[in-house]
1. In nm, give the distance between the simple-model label positions of LYS189 and GLN114, each being 7 Å from the Cα along the Cα-to-Cβ direction.
2. Post the alpha-carbon centroid distance, the stretch 97-122 to the stretch 140-197, in whole angstrom.
3. Over 25 Å between Cα atoms, which of LYS89/LYS192; LYS108/LYS192; LYS86/LYS156; LYS86/LYS108 qualify?
4. How far apart, in nanometres, would the label points at THR154 and LYS89 be if each is projected 7 angstrom from Cα along the Cα-to-Cβ direction?
5. Take the alpha carbon gyration tensor of the stretch 60-120, find the square roots of its eigenvalues, order them as a ≥ b ≥ c, and report rounded if a/c is under 1.5; if not, report prolate when a/b exceeds b/c, else oblate.
6. Calculate the dipole size of the stretch 64-195 relative to its Cα centre from +1 charges on Lys and Arg beta carbons and -1 charges on Asp and Glu beta carbons; express the result in debye to the nearest 20.
7. For the residues ILE70, ILE183, what sequence is obtained by ranking on other C-beta atoms within 10 Å, fewest first?
8. What does the extension gain come out to for LYS175 and ILE70, with contour length at 0.36 nm per residue minus their alpha carbon separation?
Amino acid sequence: MALRRYDPDSPRDQIGQLPVCGCGTLLRAKPLGRRRFLGLSLATVALWAAPLDLANAASGHYEAMLLTCIDPRFVTAARNYMVDAKHWKDNYSLFSFAGAAVGAVAPKLEGWHQTFWDNLGITLQLHNIKNLVALDHRDCGAAELAYGKEAVATPKLETETHRKVLAEFRAEVGKRHPQLRVITGLIAKSGKVEMLG
Ligand SMILES: [Zn+2]
């Protein structure tokens with residue numbers, strides 16, 4: 001099948017293009033000239049460098065934010081938990097980095113922590129979420145890196161390590177955002193989510 005060439009001036013290629021996404025990023029159908037691109041880049045830098053004024057940003061009321069690990073084997077299980085078990089299809093924001101809650105609290109990953117709390121703050125302001133879901137998973141390379149091989153050497157030790165991580169995560173969320181309901185769990189290789197923490 002011959003592929004039709006993308007034409008930014010064709011109305012067909014502009015259908016469905018939204019001017020602004022839910023996190024305030026500009027999306028444009030047409031390629032930008034260098035000057036225009038630089039202008040937008042500077043505007044974007046200014047937006048993020050300045051104290052966040054989100055009063056005019058796209059916003060709404062949503063149920064939750066989900067924190068997951070980046071491990072590709074568990075993407076569908078996490079989605080199934082949010083959509084099938086919680087019935088929150090298209091009703092949650094998503095933050096992923098290695099280790100899920102491990103990335104937010106492990107001392108070895110300290111450089112990542114603030115990024116998570118900043119993103120949580122933004123989704124609270126933009127999306128008015130009421131629930132925060134953190135799903136760690138078994139056989140997590142990041143958990144092993146952060147806490148050492150011994151900490152995850154057996155399923156029992158692995159469970160205890162994640163129980164501590166998720167409890168610490170809950171406590172940290174509670175200090176910052178006591179109004180949030182926190183749901184924490186550990187995904188098994190089968191995809192089953194065990195509530196933990
Ligand atoms: Zn992982």
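1. Using points 7 Å along Cα→Cβ, the separation is 3.9 nm.
2. The stretch 97-122 and the stretch 140-197 have Cα centres separated by 13 Å.
3. LYS108/LYS192; LYS86/LYS156; LYS86/LYS108
4. For the pair THR154/LYS89, the computed spacing is 4.3 nm.
5. Details: a/c = 3.21, a/b = 1.52, b/c = 2.12.
Judged from the Cα gyration tensor, the stretch 60-120 comes out oblate (a/c at least 1.5, b/c at or above a/b).
6. Values: 17 positive and 14 negative charges, 69 e Å.
Using only the charged Cβ atoms, the result is roughly 340 debye.
7. Values: ILE70 14, ILE183 19.
Ranking ILE70, ILE183 by Cβ neighbours within 10 Å, fewest first, gives ILE70, ILE183.
8. Details: separation 105, 0.36 × 105 = 37.80 nm, distance 2.60 nm.
35.2 nm is the gain from fully extending LYS175 to ILE70.
Coordinate-derived values only; no laboratory data. Remember, it's a predicted structure, so these values are computed and weren't measured experimentally. Counting neighbours? That spans all protein chains shown, and the Cβs are built from the backbone with ideal geometry, glycine included.
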